[in-house]
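Where a number appears in this text, it was derived from the coordinates with a stated rule and is not lab data. Here the structure is a predicted model, which is why all the values come from computation and not from measurement. Here the Cβ positions follow ideal geometry from the backbone for every residue, glycine too, while neighbour counts run over all protein chains shown.
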Amino acid sequence: MKQVWIVDDDEEMGRAVSLMLKLLDCEPQYFFHPRNAAQALLAGGQPDLLLLDINMPEVSGLDMLEFVRRRKEWKKLPIIMLSSEAADITIDQAMALGADAYVTKPVTIDELEKAMSQAFYKHLI
């Protein structure tokens with residue numbers, strides 16, 4: 001069972017995505033703030049996939065993405081951006097920083113499953 005960390009300041013969205021992940025046979029762990037997820041990573045936590053919202057107070061999902069990609073031990077960690085931001089410039093920025101997939105909210109289970117497949121595939125090759 002794949003462990004998937006969700007980092008999103010919207011608790012309702014976190015619950016909805018957690019439920020979808022359970023239906024996709026994953027074990028979700030929800031973090032309300034990027035700092036908590038970063039601390040868990042630094043403490044040795046190792047998810048199979050990271051889902052990041054972009055618009056969060058203090059530390060954005062793009063900041064978290066950049067933080068993760070700067071560390072060589074997490075270079076191969078699949079990351080999906082899950083955001084209400086749909087502007088091409090934001091999507092391009094996320095992909096340039098190392099996101100493996102980008103999904104806009106509200107997300108369906110089919111969109112999430114497709115993005116997960118895309119993210120995992122990128123790290124197989």
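A few points about this structure:
- Exposed trypsin sites (Lys or Arg not before Pro) absent - longest run of the chain, DSSP non-H/G/I/E/B, at most 13 other C-beta within 10 Å: 1-69
- The smallest convex shape that holds all Cα atoms of region 44-104, its convex hull, gives 81 Å³ per residue.
- Lysine pairs meeting the criterion (Cα under 16 Å, 8 or more apart or interchain), as found in region 2-122: 8
- Choice from GLY45, GLY14, GLY61 with maximal GNM fluctuation in the chain (Cα, 10 Å cutoff): GLY45
- Amide H contacts for LEU82 (H built 1.01 Å from N in the peptide plane; partners 5 or more residues away or on another chain; cut-off under 5 Å): LEU52, ASP53, ILE54, VAL103.
- ³J(HN,Hα), Karplus 6.51/-1.76/1.60, whole Hz, each residue of region 69-79, x for Gly, Pro: 6, 6, 9, 5, 5, 10, 4, 8, 6, x, 10
- Distance (nanometres) between label positions extended 7 Å along Cα→Cβ at TRP74 and LEU42: 1.0 nm
- For the chain, built as a Gaussian network whose Cα springs stay under 10 Å, the top-fluctuating residue of ILE79, ILE109, ILE54: ILE109
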